[in-house]
Structures are given as structure tokens and as C-alpha cells.
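Heads up, the thing below is written out as C-alpha cells.
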Amino acid sequence: MMRFTMSQDTPGSTATAANPTQQGDALENLLHENRKFAPSEDFAANAVVGAEVYAEADADRPAFWAKQARELLTWDKDFTQALDWSNPPFAKWFVGGEVNAAYNALDRHVENGLGDRVAIYFEGEPGDSRAYTYAELTEEVKKAANAFESLGVAKGDRVAVYLPMIPEAVITLLACARIGAVHSVVFGGFSADALRSRIEDAEAKLVVTADGTYRRGKPSALKPAVDEALSREGDGNGHTVQNVVVVKRNGQDVDWTEGRDHWWADTVGAASAEHTAVGHDSEHPLFILYTSGTTGKPKGILHTTGGYLTQTAYTHKAVFDLHPETDVYWCTADVGWVTGHSYVAYAPLINGATQVMYEGTPDSPHQGRWWEIVQKYKVSILYTAPTAIRTFMKWGRDIPDKYDLSSIRVLGSVGEPINPEAWMWYRDVIGNSGAKQSPAPIVDTWWQTETGAQMIAPLPGVTATKPGSAQVPLPGIAVDVVDENGASVPNGHGGFLVIREPWPAMLRGIWGDPERFKETYWSRFETMYFAGDGAKKDEDGDIWLLGRVDDVMNISGHRLSTTEIESALVSHPAVAEAAVVGAADETTGQAVVAFVILRGDAVDSGDEIVQDLRNHVGKEIGPIAKPKIILVVPELPKTRSGKIMRRLLKDVAEGREAGDATTLADNTVMAQIAASLKK
Ligand code: WT7
């Protein structure tokens with residue numbers, strides 16, 4: 001299987017994406033991938049958007065987006081200016097406009113006679129299911145909005161959300177948006193510590209959670225982490241949470257703090273279903289979502305309203321060729337990640353689509369669960385991650401082959417580079433099931449928590465797709481690949497992925513830290529947003545994403561920081577020093593591999609200490625961050641200035657001969673490590 005082995009050097013150093021030909025055979029193979037699949041005539045003829053959109057957007061980007069904003073959203077007050085870029089990198093989109101996200105996602109569809117259309121088909125892991133029509137979902141959101149207001153939540157207040165993949169998650173997000181409260185979702189796989197620091201950083205007033213969920217047929221608790229997060233001493237001045245609303249999902253026993261805790265059924269259930277949405281300023285904060293960067297402290301990425309809704313809705317329509325009257329759309333992402341925000345909670349509902357929402361894992365109670373769901377609801381657009389596709393490949397095609405997947409007509413991929421083998425398997429096995437005239441087009445979508453919405457992707461009725469490439473910037477998006485000095489590279493060359501012009505769904509900053517926003521994204525190349533990814537332009541000018549060029553790892557499409565895990569490891573009393581790398585992994589893309597030096601007085605009790613350290617990371621950050629492998633070593637490779645050379649450790653972790661080690665302060669270190677690992 002081809003691997004994407006970018007070096008982990010910092011963006012400032014030379015031996016990285018600027019010269020991807022040094023990346024070895026895997027990348028060479030990738031760049032010789034030259035299959036191409038043009039859209040079928042039939043698909044192209046019925047596509048929602050055609051090739052003309054590129055020229056239209058190029059002619060005047062802000063005007064193009066202003067047109068989309070007016071077409072896709074219903075504004076309470078029209079805007080007077082599409083883009084204000086007078087104070088870069090702080091953009092304002094649709095200046096002076098007022099819009100309500102929840103009204104656009106719900107009420108207006110009911111007013112337009114679509115109240116009986118199913119908004120969400122929910123499928124619980126144990127097999128329970130519920131459907132919400134647009135009318136029903138609107139009612140639930142109005143009740144939740146009233147309930148949150150009655151608990152003292154007002155416009156601008158922050159609400160922390162720690163929920164499983166159940167409809168109440170979407171209801172909570174839209175209820176917050178409705179009243180202008182800013183939601184901050186914390187993925188259920190994060191620990192009490194991680195939850196606590198995010199609650200503190202955003203100064204949340206309310207937490208919405210559940211007793212728990214189901215994982216592989218067993219109850220899995222959430223409420224205890226909230227209790228722990230709120231009871232412990234925090235890093236700062238204490239927390240500001242006044243109330244906790246608890247959805248009853250799995251019926252587990254929970255501890256209860258009288259006066260603070262409220263069952264969802266008692267508060268939301270009892271609230272009035274009358275609630276009038278008012279427009280919020282286009283730049284009113286919609287949500288904060290924490291993501292890992294190159295430092296130990298997660299960044300609260302801030303998104304605002306008008307631009308975010310416009311670009312998520314436009315891309316959802318154009319990239320998935322959405323026909324809301326007939327399509328059934330399913331995005332498998334958890335609402336704890338940005339994909340679950342943009343392409344579960346917001347865009348599909350803004351566009352009046354019918355979507356599926358599934359609570360559990362793909363193998364519960366059997367490995368055909370997803371395909372059973374596709375068959376049951378006749379899913380026509382499926383949006384998932386390469387790691388899932390590779391897992392299904394491993395399980396074998398005979399499993400999906402047992403189901404009728406003929407409803408599928410568009411397939412999406414997101415989260416990490418999709419290798420050509422996985423892409424072809426996705427097309428042949430999932431996209432070509434049943435008696436099809438032609439296989440479903442695959443759209444590989446590149447974007448980030450920071451970009452808010454898709455940025456690079458083929459248009460399924462226009463682009464001849466290439467296995468493994470996200471290919472083209474979306475209309476109205478100015479992406480480029482540049483060299484060390486910020487100069488655009490010619491076709492056939494690699495470099496750093498940048499965004500040259502502001503875009504509607506761009507992050508507006510890092511919560512509480514405008515300097516860090518400038519420093520992180522806008523300082524590497526002046527006047528350009530630096531994404532942190534390496535990329536290459538092929539001979540046609542199409543873009544191939546090559547993975548991160550910084551200390552950010554991508555595990556199953558989830559973003560983790562090497563530094564964050566290193567900090568967690570060194571906070572354990574037995575650890576003197578730690579270095580973490582993301583090593584290529586067949587299924588998860590990358591896997592966390594940690595190298596630790598134990599303290600002199602710590603006994604290396606072999607497996608025991610390793611297990612202890614894994615659990616410690618799980619507790620500090622969350623189960624998703626637990627290293628797959630922990631290697632106890634005598635030394636770490638460092639430069640003379642003391643910087644750990646992760647590149648060399650990555651070579652070790654991936655079973656290669658370590659590369660150029662001439663800049664090491666002590667050139668015997670790699671031999672020492674090799675010797676210690678042979679023991
Ligand atoms: C990083 C962003 C976008 C939602 C999920 C992840 C990588 C994302 C692709 C793709 C190659 C991709 C990048 C990016 N990435 N999509 N289609 N091809 N790489 O959001 O957690 O903010 O991570 O995911 O490295 O920088 P995120």
C-alpha cells in the first residue's frame with residue numbers, strides 16, 4: 001500500500017514538501033498515478049452546477065460569494081458589503097447583514113411547505129431509530145432555545161457540548177445558534193481534563209451532555225467526565241458553569257448535583273415550542289471548536305455566522321451535487337469534529353436535505369452495519385474518511401457486497417489524503433454496486449477546522465477525477481502551492497499549500513488570542529494563509545495533498561499534536577523526556593509512536609510502565625491520543641540547539657534506516673536507540 005511519508009520538520013526548514021521528490025518511492029508512485037474518470041454524460045447533464053461557476057467566481061470573488069449568500073440564505077437584513085478586508089488577516093463577510101442560522105436551517109423550510117420532509121433519520125447503535133421531520137426538528141430546537149434561555153443563557157454566552165451522535169446534539173447546536181449563544185463542542189472521546197480546560201478557556205456557562213452512549217453494544221458513560229471536570233481544581237480561576245443539561249440516552253446511573261443538573265426531558269421537554277428567531281449580525285460568533293496545533297495548548301478556532309453558513313451550504317450543494325428533494329445524505333463524522341459541524345449540523349439543514357445520523361461504530365453489531373444503513377435509508381450521498389474505507393477494505397468486499405448499495409450516486413472523502421488503492425476500492429465496491437450505468441463519482445475534499453468549509457475538491461458533474469487527488473480549488477477559493485519564499489511553484493512541482501485570498505468560512509481568530517492567530521497562520525508567508533500541509537501540482541496543475549509539514553499528526557482523520565502528547569507524557573512522574581511522532585499506519589493513516597526516557601529512579605518494569613503511560617495519556621487528553629507504541633530509549637536525537645529531530649525518530653518508527661543525522665549534537669544517539677530497541 002502506498003504511504004505518505006512527509007518529513008516532520010518545521011515549515012521553515014528545507015527538506016520537506018518543497019522537494020517531494022526526496023520523499024521516496026511511495027510518493028513517486030503516487031505522482032505517476034494517471035487514471036482519470038470523467039463524469040458520465042447523464043450525471044453531468046443533471047448536475048446542480050456546471051463548469052461556468054469557475055469563470056464567474058474568478059471574475060469577482062466577493063460578488064460570487066455575495067450571490068451565493070443571497071441565494072442560499074434568507075437574511076433578516078441584507079448586507080451592504082460582501083467583504084471587508086481592510087484589516088487583514090481579520091476578515092468581515094457580508095457586512096451589515098443579519099441572519100439567523102437556525103431559522104435558515106429550520107423554520108423557513110416549514111414556512112415553505114417542507115415541514116413534512118424528513119430532516120434526520122437517526123439510527124441508534126442498539127438498533128433503535130427515530131425520524132424527525134423539518135417541522136418536528138424546528139419544534140425541538142425552539143423548545144431547547146427556550147430552555148437554555150430559561151437557564152440564563154443569553155446571546156454571546158458560551159455553551160459547552162459533550163454529547164454522543166444523537167439528534168439532541170444537532171438540536172443543541174441549532175438552539176444555541178438561534179439565541180446567539182456560542183457553542184463549543186468537545187468530542188466525547190476527550191477526557192475530563194481536556195473538557196475542563198476547554199470549558200475554562202471559553203468560560204462556558206452551560207454544559208449539555210448525556211448520561212452516556214453505546215459503544216460496540218455496551219453502555220459508555222459521558223456524565224462522569226462532566227462531573228469530574230466541574231469538580232476538580234482547574235488551571236485558572238475556576239469555572240463559570242452554572243447548569244448542566246443531561247440527555248437520557250443509555251439509562252446508566254448518574255451522580256446528580258441538585259440545582260446544577262437538569263434532565264433534558266424536564267427542561268427542554270417542558271419548554272414552550274413558541275420561539276421567534278431574530279437575525280444576528282453576520283459576524284456574530286457562531287461557535288468555537290478546539291483543535292490541536294503545533295504547541296501543547298489546543299486552539300479555540302472561532303467561526304462566525306454569515307460567511308460560514310454561505311460557504312458550507314454552497315459547497316454542500318455543489319460538491320455533493322445535492323438534489324434535496326430526492327437525495328438521502330449521510331456524513332459519518334461525529335459532531336465533535338468540524339465535519340460534524342459543517343456537514344451534519346449546518347449545511348444539510350440549511351439546504352433542506354434529508355440526512356442519516358448514526359450513533360455507533362461501523363462494526364456493531366456486525367461489520368456490515370453501515371451498508372445495512374445505506375440499504376435501509378437508500379443513502380445516495382455518502383461522506384466519510386479514508387481510514388474507514390481502508391478498514392472496510394481490510395474486512396473484505398464480500399461484506400458490502402451482501403447489501404443493496406445501488407442508491408449511492410456520490411461518494412465523498414475527507415480528513416486525510418486518500419491513497420489511490422482506497423479510492424479505487426471505494427469506487428468499485430461502494431460506488432458501483434448493483435446495476436449502475438456508471439460508478440458514482442468520488443469527491444476528495446480538502447479543508448480544515450480553520451477553513452470551516454471545503455476548499456479543494458472536484459465538482460462531480462464537471463471534473464474528471466483522479467484517484468488520490470483533491471485536484472481543484474472550489475470556485476471563489478484562491479489556493480496555491482508555493483516554495484520556501486512564497487513564490488508559486490510551476491506544474492510538476494511541490495511545496496507548501498497556501499490560501500491567497502480571504503474566504504467566507506475562514507476562521508475569524510483563535511478564541512481570546514488574536515496574536516496567536518496572526519502568528520500561527522499568517523507569519524510564515526506574508527499576506528497568505530499557511531495551512532500546514534505540503535502539496536504538489538501535477539502536470540495539469542491539479543493539487544495532490546501530501547500531509548502535514550508541521551508537528552501535527554493525523555490519526556484516522558483526527559488531528560493530534562505531537563507536542564500535546566509529549567506534554568502529557570512528561571507530566572507522568574516516571575518520564576524524564578518524551579518525543580512523539582506520527583508513523584505511517586496501514587489503516588489509520590498515521591499512528592502515535594512515543595519515545596520516552598525514564599527518570600533515573602523509575603524502574604523500567606517493561607510492559608507495565610508502557611501500559612501505565614498509555615493510560616496516563618488517555619486520562620490527560622483522551623483515549624484517541626493513546627500512543628499505539630511506546631518505546632523506552634536511553635537518549636533522544638537532538639540538534640545542537642536542543643531541538644528534537646523527530647524526522648529521525650520517524651524513520652525508526654517506520655522501520656527505515658535513519659536518514660541524515662549529521663546535525664545531531666551527539667552522533668552516537670541513533671546507534672544507542674537502535675541498540676536499546678534490539679534488546
Ligand atoms: C487537516 C485538517 C476537514 C475536516 C476533517 C479534518 C488533513 C483534511 C484532507 C484531504 C488530504 C486532508 C490536512 C489538513 N486533510 N482533508 N481531503 N486530503 N489531507 O479537519 O482536524 O482540522 O484537520 O486534515 O492535513 O490540514 P482537521
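Here are some notes:
- Relative contact order [Cα under 8 Å, 6+ residues apart], the stretch 552-678, whole percent: 21 percent
- Under 11 Å, Cβ to Cβ, from K626 - net charge with Lys/Arg +1 and Asp/Glu -1: +2
- Ranked K650, K299, K155, criterion: other C-beta atoms within 10 Å, fewest first: K155, K650, K299
- Taking other Cβ atoms within 10 Å as a rough exposure proxy, F37, F79, F287 sort from fewest to most as F37, F79, F287.
- Leading residue at positive end of dipole, the chain (Cβ point charges), from M645, A229, G655: G655
- Set of lysines with alpha-carbon distance to K77 below 19 Å, sequence-local pairs under 8 removed: K67, K92, K155
- Computed from label points 7 Å out along Cα-Cβ, the spacing between S676 and T527 is 4.9 nm.
- Expressed to the nearest 5 percent, the antiparallel share of DSSP beta bridges inside the chain is 60 percent.
- Share of Cα-Cα pairs in the stretch 490-538 lying beyond 11 Å, as whole percent: 71 percent
- Aspartates and glutamates whose Cα lies under 14 Å from that of K142, excluding same-chain neighbours fewer than 8 positions away: D107, E168, E274
- Between D601 and R216, the FRET efficiency from the beta-carbon distance, with R0 = 41 Å, is close to 0.55.
- Of interest is the spacing of the C-alpha centroids, which for the stretch 395-458 and the stretch 160-180 amounts to 28 Å.
- Extension gain, A665 to R232, is 151.7 nm, computed as 0.36 nm per intervening residue step minus the present C-alpha separation.
- Full-extension gain in nm, H32 to N485, via 0.36 nm per residue minus C-alpha separation: 160.4 nm
- Coordinate range along principal axes, alpha carbons of the stretch 494-601, Å, largest first: 56, 38, 20
- Dimensionless Rg over Rh [the chain; C-alpha; Kirkwood]: 0.95
- When the alpha carbon gyration tensor of the stretch 78-166 is reduced to an equivalent ellipsoid, its three semi-axes come out at 31, 19, 15 angstrom, largest first.
- With neighbours defined as other Cβ atoms within 10 Å of a residue's Cβ, the residues L151, L474 order from fewest to most as L151, L474.
- Residues whose placed amide H lies under 5 Å from that of G509, excluding near-sequence neighbours: L302
- Entries in K466/K638; K619/K643; K143/K626; K536/K638 that, when Cα-Cα distance is taken, lie over 32 Å: K466/K638; K143/K626
- Whole-number D in µm²/s for the stretch 306-432 (Stokes-Einstein; Kirkwood sum over Cα pairs; 20 °C, 1.002 mPa s): 144 µm²/s
- Euclidean distance of C-alpha centroids, the stretch 49-68 and the stretch 531-592, integer Å: 35 Å
- Taking the Kirkwood radius as Rh and the Cα radius of gyration as Rg, the stretch 121-241 has a ratio of Rg/Rh equal to 0.99.
- Look at where the Cα atoms of the stretch 214-230 and of the stretch 468-525 average out, and the two centres are 38 Å apart.
- Computed FRET value (nearest 0.05) for E635 with N432, which takes r as the C-beta separation and R₀ as 60 Å: 0.70
- Start at zero, step by 10 Å, and the Cα-Cα distances of the stretch 552-678 spread as 13, 46, 35, 6 percent across the bins.
- Contour minus Cα-Cα distance for A270 and D42 (0.36 nm per residue): 77.1 nm
- Isotropically averaged projected area of the stretch 233-291, using the convex hull of Cα atoms (one quarter of hull area), nm²: 7.7 nm²
Every number here is computed from the coordinates shown, using simple stated rules; none is lab data. Please read these numbers as outputs of a predicted model, since none were measured by experiment. Cβ: placed from backbone, ideal geometry, glycine included. Neighbour counts: every protein chain shown.
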